[in-house]
């Protein structure tokens, strides 16, 4: 830091504005020396006069560090997929594989679809109903396989009891649980005279994922 800059005389036009009186050269030099000695840490290598004469001095300022609050990460509680499979949570027990036990679920599904479609009146357009069906939950619906690359699946009808990403699990009137792959199969669902066809190859998502997906309308869909 140049000592002459610190001890420069205040211009006359600023004296009245600042309300101060200019100091003599000796007093200004003494004040500057005292201020710098109190502000600059002493260096073991160089004395004060050498630092002021040959080197610019930067008065540093360090801001106090703020204490950051540690965020406690909340670990998801519950079972993972492997644990659920090991505990056979998704398996229906043999004594529960009865068609009549799932009829109340079917009635709840019918009411759910009627409310979803705003009453499902005869005046509703098929396109409107189809769009609602695309994002609906089908647990409890009675579905029928109308087309499939595997002929043994065609004609199978039952209540949908579990929907996975790649398969439908239904229970038939004969109290048998059938696992039907979605890919290469077409299913039909009927309610209040409206028949909707589900192309399984385009439904290979979980029900929760399908509700947020945007479907594109296409003219034809092949198996």
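Taken together, the values in this text are just the output of simple stated rules run on the coordinates, not laboratory data. This structure is a prediction, so every number in the text was calculated from the model and none was measured. A quick note on method: Cβ atoms are made from the backbone with ideal geometry, for glycine too, and the neighbour counts reach across all protein chains shown.
Couple of notes before you dig in:
- Gained length - residue 82 relative to residue 123, 0.36 nm times residue gap less alpha-carbon distance: 10.0 nm
- Efficiency of FRET from Cβ geometry, residue 62 and residue 29, R₀ 35 Å, rounded to 0.05: 0.75
- For the pair residue 116 and residue 197, label points projected 7 Å from Cα toward Cβ lie 2.0 nm apart.
- Per-residue Cβ neighbour counts within 10 Å put 129, 195 in the sequence 195, 129, beginning with the fewest.
- Kirkwood-based shape ratio for region 92-210, expressed as Rg/Rh from alpha carbons: 0.95
- Going from the residue with the fewest nearby Cβ atoms within 10 Å to the one with the most, 175, 137 rank 175, 137.
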